[in-house]
Amino acid sequence: MLSSGAVTLYHTTSKDAAEKILVGGRMYRGSTGCIGGGIYFAGSVADSKRKAKASGVTLKADVYLGRTLVVSNFSTQYSFWDLQNQGYDSITLTCLNGNEYIVFNYTQVRNIRFAEATVSFVAKKCGQSKCARYGQIHYEGCGTICQNKKCKMFGKYHHPKCKDRSNKILF
C-alpha cells in the first residue's frame, strides 16, 4: 500500500472543522459522499472551493494516493474495505469541472496546513506562560492581560475581544 509519493491536494471546510483538523493533525473520512464516505480533495484551491459542501477555509495536505482506482461515474459507493479488497488505496473521480481525489484512511493525509495566507485565524502553539492553554495549539492572540477597566476580564488573561485602552466593551 502507498508505494507512490505524495501529491499536494486541497480540501475546503468550515472554520470550526479546519481548527479541529489543524489542532488534531488528522482528517477523518466522512460518512457520506458522492461515491462513499471518504476524505475528498481537489487539485486546486478553486476546484476545492467549488466542490466543497462547506465554505470557510481551504487546507492543503500531502496526500498519499498509492494505487488509484479511476472512476468516471457516481453510480457505485465505495468503502475503505472495498478498495483494499480490490488492491487499491484511493479513488480518482474524473469530472468535467476538475477531478476529485478520495482517500479513506487518515494515515494517507499528512502535513496539513493552510492553503491560503489570508485566513482570519491562525492556529499555533501558545507561548503565553499564564494562558490556560499554554503550550497547546489554538487561535493566535489567546492570552493578553486585559487593560479595559470596564471589561469583566480586566487584569486577567483572555482572548482580546475587547479593545485594551478604549473602554469600549465588545463582548
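The values are calculated or read from the model by the stated rules, or taken from the named source; none is laboratory data. Keep in mind that this is a model prediction, so the values were computed, not measured. Quick reminder, even Gly has a Cβ in these numbers, built from the backbone with ideal geometry, and neighbours come from all protein chains shown. The area values use the complete protein model at the heavy-atom level, side chains included, leaving out ligands, DNA and RNA. Shrake-Rupley method; radii C 1.70, N 1.55, O 1.52, S 1.80 Å.
Here are the numbers for the structure shown:
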read-out: Out of S31, S48, S55, sole residue that is open to solvent by less than 30 Å² (accessible area, probe 1.4 Å) and out of contact with any Asp or Glu (no Cβ under 7 Å at 6 or more places or on another chain); value: S48
read-out: Selection count, the stretch 72-90, where residues are surrounded by 13 or more Cβ atoms within 10 Å (Cβ to Cβ) and more than 13 Å from I35 (Cβ to Cβ); value: 2
read-out: Options L22, L69; residue that is without any contact (Cβ under 8 Å) to a residue 24 or more places away in the chain and surrounded by 15 or more Cβ atoms within 10 Å (Cβ to Cβ); value: L69
read-out: Residue that is nearest to C95 (Cα to Cα) [pool: residues in the stretch 34-45 that are assigned to a strand (DSSP E or B) and open to solvent by 10 Å² or more (accessible area, probe 1.4 Å)]; value: C34
read-out: Matching residues, the stretch 27-73, being of a type in the set (G, A, S) and in contact with a helix residue (DSSP H, G or I) (Cβ under 6 Å, 6 or more places away or on another chain); value: A42, G56
read-out: Scan of the stretch 1-44 for residues that are within 17 Å of R67 (Cα to Cα) and hydrophobic (A, V, I, L, M, F, W, C), ordered by number; value: M1, L2, A6, V7, L9, I39, F41
read-out: Selection within the stretch 91-109 - closer than 17 Å to T13 by Cβ and either under 12 Å from the mean Cα position of the chain (by Cα) or open to solvent by 60 Å² or more (accessible area, probe 1.4 Å) (or both); value: Y106, V109
